[in-house]
Amino acid sequence: MIDDYISANLSRVLFIFDGFDEFDEQLSKRSSSEFIRILETEQNNSCNVIVTTRPWRTNEFMMDKRLAEAYTFLKIEGFNKDNLSSYIRRYFRIKQKDNLAESLISFKEENDGIRSNMAPFPIYCAMLCLMWSDYSEERRKEMQQLQTFSKIFGEMISFLKEHYASKVCENLQNQSIVEHLKEAGRAILEISEIALEGLLDRNLSFPEEQFKKCHDAMETCCRVGVLTIERNVITRERRRDVNISSLITSTVSFPHKLFQEYISGIHVVYLKSLFAKTDNDRTKYKKVKNKLLSRPEEFRYVLYFTSASENELGLDIIEGLVKSSDKYFCVDVAFECHTEEAARAVGKQWDAYNLFNKPEHTVSGVVFMVRYNQVQSLYMDEVKCGRTVSRDLAEGMCSSCVLRKVRVGSSQFHVEFYKILRAEASSCQVKPYVYSLHF
């Protein structure tokens, strides 16, 4: 019936395929899949087709000349600077806490990790506002010291666990709160294997039956907020069509893919902790690590989270990445690991970097390496640095014993950058004729 309508109304039909990156088939002219034929415009080519996907899988369209000509490519960037500031001000205006709005906006502007990794996503903007509103002044100051995406996201997970503990705790005493926090942590660990298996298979939702061995943990994670469950009554017609007797269908999913990636990282850390126990444990860990390293762009955030969790694990991942990955990807992972050993592991491979129009996270990573004397030549142009990165770069330029060449071009820095250079220029070993500051 639907096919008949499509055939009779080709010019009025719009296909929307959401989440192509979660689809496990490859685009192929020889594919027998009707879905693939529609994507490739071999069938119903008078229809309009919209496909959404995460960036890592757009190459399948771009590398095919016929598809590249058939499709128009658009990039959804999420909230821009003005959108985000407006959202924050409206959030706190409702709560009559306008002063907190301005302090959070200031934090967002000065912290490159917040601005580049979390600000574009409304769900994380809402969580940031909730945390900022709920935290004490001291806790907000502590949060402002967090520089990496992994640390900030980990703070969000901690906040969700604390929020859960405060809701279910019958008597607000330290020991009781601690026990409920531990319960939430154990529950997240129990579901982490399913999260990782799903991620490797590009599966972001699961039937409830898949959690039958850890059902209590699943229920706890739903209450914490890192899982959601949707239960629907199956109509009689649907039960007859698919020949099932159940009256209810239950689907478990994560609120956002980043939640699944974070929890998947927990399982990788757990596997690494078993590494020395048995040959089977070592095989499991190596198998998972190799899968992650074989598709680094797809598993970027899992690699971030695992590297940040444990120094030895981070170094092991970096060692695998430097053999096959782009050096700037290695810099990103080393920055999330955030240890001197990680900076040195990448620094011994490369000592010169060109940051022309690179994302803020990569700029932060290279500046982090400057601090640990791992960069000899640095070329920057058309990049924007917040207060933290501007300060770290200026201090690194003035204190580094190996940095010799710096060019900043038309990059934008916080005023802190110029203040530090003015005060410390006499100690700077960078040759003044190879870099130029544009005010």
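The values are calculated or read from the model by the stated rules, or taken from the named source; none is laboratory data. None of the values given here were measured: they were computed from a predicted structure. Virtual Cβ from ideal backbone geometry, glycine too; neighbours counted across all protein chains shown. Surface accessibility is based on the protein's heavy atoms, side chains included, excluding ligands, DNA and RNA. Shrake-Rupley method; radii C 1.70, N 1.55, O 1.52, S 1.80 Å.
A single entry from Val383, Val363, Val370 fulfils the requirement of being open to solvent by less than 10 Å² (accessible area, probe 1.4 Å) and touching a residue at least 60 places away in the same chain (Cβ under 8 Å): Val363. Tallying residues that are closer than 22 Å to Gly154 by Cα and either modelled with pLDDT under 95 or part of a loop (DSSP other than H, G, I, E, B) (or both) within the range 290-299 yields 4. Filtering the range 325-348 for residues that are touching a Phe, Trp or Tyr at 6+ places or on another chain (Cβ under 9 Å), surrounded by fewer than 21 Cβ atoms within 10 Å (Cβ to Cβ) and within 19 Å of Asn290 (Cα to Cα) leaves a non-empty set.
No other residue among Glu395, Glu360 is among the charged types (D, E, K, R) and within 19 Å of Phe329 (Cα to Cα) apart from Glu360. State the number of residues belonging to the range 196-220 that are of a type outside the set (Phe, Trp, Tyr), within 27 Å of Lys289 (Cβ to Cβ) and in contact with a strand residue (DSSP E or B) (Cβ under 9 Å, 6 or more places away or on another chain). Residues flagged as of a type outside the set (Phe, Trp, Tyr), within 27 Å of Lys289 (Cβ to Cβ) and in contact with a strand residue (DSSP E or B) (Cβ under 9 Å, 6 or more places away or on another chain) within the range 196-220 amount to 5.
Scanning the range 300-324 for residues that are of a type in the set (D, E, K, R) and part of a loop (DSSP other than H, G, I, E, B), we see that the one that is most open to solvent (accessible area, probe 1.4 Å) is Lys323.
Scanning the range 306-331 for residues that are among the polar types (S, T, N, Q) and closer than 19 Å to Leu274 by Cα, we see that the one that is farthest from the chain's Cα centre (by Cα) is Asn311. Filtered by the rule that a residue be farther than 19 Å from Val363 by Cα, open to solvent by 50 Å² or more (accessible area, probe 1.4 Å) and either in a loop (DSSP other than H, G, I, E, B) or not aliphatic (A, V, I, L, M) (or both), the range 403-428 gives Lys419, Arg422, Glu424, Ser426, Ser427. Can we say Ile244 is among the hydrophobic types (A, V, I, L, M, F, W, C), open to solvent by less than 90 Å² (accessible area, probe 1.4 Å) and at pLDDT 95 or above? Criteria not met by Ile244. Scanning the range 95-106 for residues that are surrounded by fewer than 16 Cβ atoms within 10 Å (Cβ to Cβ) and among the polar types (S, T, N, Q), we see that the one that is nearest to Pro122 (Cα to Cα) is Ser106.
Listed by first and then second residue, the pairs linking a residue in the range 48-72 that is of a type in the set (Val, Ile, Thr) and modelled with pLDDT under 80 to a residue that is part of a strand (DSSP E or B) and buried (at least 16 other Cβ atoms within 10 Å of the Cβ), with Cβ atoms under 8 Å apart and 6 or more places separating them unless they lie on different chains, form an empty list.
Just so you know, in the range 123-147 the residues that are modelled with pLDDT under 90, outside any helix (DSSP H, G or I) and polar (S, T, N, Q) include one that is farthest from the chain's Cα centre (by Cα), and it is Gln145. Of the residues in the range 410-429, at least one is more than 16 Å from Asn354 (Cβ to Cβ), of a type in the set (Ser, Thr, Tyr) and at pLDDT below 85. Only one of the numbered conditions (1) touching a Lys or Arg at 6+ places or on another chain (Cβ under 9 Å); (2) open to solvent by less than 20 Å² (accessible area, probe 1.4 Å) is violated by Met143, and that is (1). Checking each residue in the range 258-285 for being more than 18 Å from Val302 (Cβ to Cβ) and assigned to a helix (DSSP H, G or I) picks out Asp279, Asn280, Asp281, Arg282, Thr283. Residue check: Ser192 meets all listed conditions (1) of a type in the set (S, T, N, Q); (2) open to solvent by 10 Å² or more (accessible area, probe 1.4 Å); (3) within 20 Å of Val288 (Cβ to Cβ) but one, namely (2). One residue stands out in the range 74-94 among those that are modelled with pLDDT under 85 and outside any loop (DSSP other than H, G, I, E, B): the one that is surrounded by the fewest Cβ atoms within 10 Å (Cβ to Cβ), namely Asp82.
When the criteria are applied in full, Phe159 fails the requirement of being modelled with pLDDT under 90, of a type outside the set (S, T, N, Q) and in a helix (DSSP H, G or I). Being within 26 Å of Leu403 (Cβ to Cβ), more than 21 Å from the chain's Cα centre (by Cα) and aromatic (Phe, Trp, Tyr), is that true of even one residue in the range 366-387? Yes; the residues of the range 366-387 include at least one that is within 26 Å of Leu403 (Cβ to Cβ), more than 21 Å from the chain's Cα centre (by Cα) and aromatic (Phe, Trp, Tyr). In the set (1) among the hydroxyl-bearing types (Ser, Thr, Tyr); (2) at pLDDT 90 or above; (3) farther than 21 Å from Ser307 by Cα, the condition left unmet by Ser264 is number (3). What residue, among those in the range 345-374 that are in contact with a Cys (Cβ under 7 Å, 6 or more places away or on another chain) and not in a loop (DSSP other than H, G, I, E, B), is farthest from Ser116 (Cα to Cα)? The qualifying residue farthest from Ser116 (Cα to Cα) is Val346.
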